[in-house]
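Here is the structure we will look at.
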Amino acid sequence: MRCDDFRMMVEEERADAVPELLRAHLEKCAACRSYAEDWGRVSEAFRAAAADPLPEPTFGFTDRLLRRLASPPGAERAAREFVERVGRRVAFATMLLATLTLLALGLPTSGPVREPASADLMAQADQASNSNGIVFADDTWVSQTGNPHRPIPQAGPSEK
Amino acid sequence: MATTPNDLAQEVEWIQRVQAGDRESFGRLVERHQRRVFSLIFHLVRRRDEVEDLAQEAFVKAFLAIRSYNFQSSFGTWLARITLNHCYDYLRRERASRVRYFWQMGEEGRKQMEARAERPPKEGREGADERLARTDLVDQLLARAPADDRIILTMKELEDLSVEEIAEILDLNVSTVKVRLHRARKRMLEDWKKYRSKGPAPRSRK
Ligand SMILES: [Zn+2]
């Protein structure tokens, strides 16, 4: 048997059930021993990665898919590009706003400054999200859609 | 996944309805198989933010091709094949702009990689940190592997499929899968070794 055959055995066998033949080879072959050691570390890493929690479909996944299947291909592509460009922007803006709000609410401030500051921020957020359904509308999203030079479609978000 | 004979019969009915033009029945199929599709995509591309988009696209492809499904293999296998092909295209596009092997990485990249792979567990949080380092190592190893290797390694080491199942999905015979798997593992370990010997001074390990 060649080293390569032993290495294949190394990959297939569990560490606690090494056959005698392989054990004898590993004792005298440093290269295969090193291979076995590396494989042990890498396969352990794969086992850990396999135990990672899986991402779940977000709410409405199937409905979105069915709507997509119902639309003609051209419209579908345009809609997708729109969602890709805009969706991430909105998600980012929402996250940013949430962080700012949390900071505003949570930062220890001296005296009465804290109340109005967070209230202002909340009011701003309300106004922004009520005006067109998109948070952070004031200085990012609206001004960009209003600008004809931006390569973003003019249609509003079809789903929210 | 279809398991009982009843489930299977129901699935066949849904498939036939979709083939006859009933889009809504496709939703039933999606709901039954989405977990498996998400798992396969996540393990293949290793990017959470891409999984849902890729899953949508894979299901669209499956829908458009469903008239060609002839019940020879299970629907799950057929769907896995479509998903795999879609991810394969994605990976090839994605990696066209990246370095392939560790030894092609710049000094900085190698240092980062080594720091990740060799990151010692912190006291008290051993489990989480160690696991993160290992998962990171897998990401790096797979990112550097050629797309074909990555696919077969993912199916075996992350999806935990048997060589028989892999053979069915890839439409290869079992011995070919075994040979390809061994080659992919060997290349991966060689690449890792090459990286470690070329990288900054090796640290002492247990
Ligand atoms: Zn040997």
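Data table
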read-out: Gained length - B:ARG35 relative to B:ASN6, 0.36 nm times residue gap less alpha-carbon distance; value: 8.4 nm
read-out: Solvent-accessible heavy-atom area per residue, rounded to whole Å², over the range B:5-97 at 1.4 Å; value: 47
read-out: Spherically averaged projected area in nm², based on the convex hull that wraps the Cα atoms of the range B:5-97; value: 6.1
read-out: Cross-link pairs B:LYS156/B:LYS198; A:LYS28/B:LYS194; A:LYS28/B:LYS193; B:LYS156/B:LYS193 - those with Cα-Cα distance over 26 Å; value: B:LYS156/B:LYS198
read-out: Neighbour-limited loop hits for chymotrypsin sites (Phe, Trp or Tyr not before Pro), the range B:40-95 (at most 14 other Cβ within 10 Å; DSSP other than H, G, I, E, B); value: B:PHE71
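The values are calculated or read from the model by the stated rules, or taken from the named source; none is laboratory data. This structure is a prediction, so every number in the text was calculated from the model and none was measured. Reconstructed Cβ throughout: ideal geometry from the backbone, glycine too, with neighbour counts over all protein chains shown. Just the protein is used for accessible areas: all its heavy atoms, side chains included, with ligands, DNA and RNA removed. Shrake-Rupley method; radii C 1.70, N 1.55, O 1.52, S 1.80 Å.
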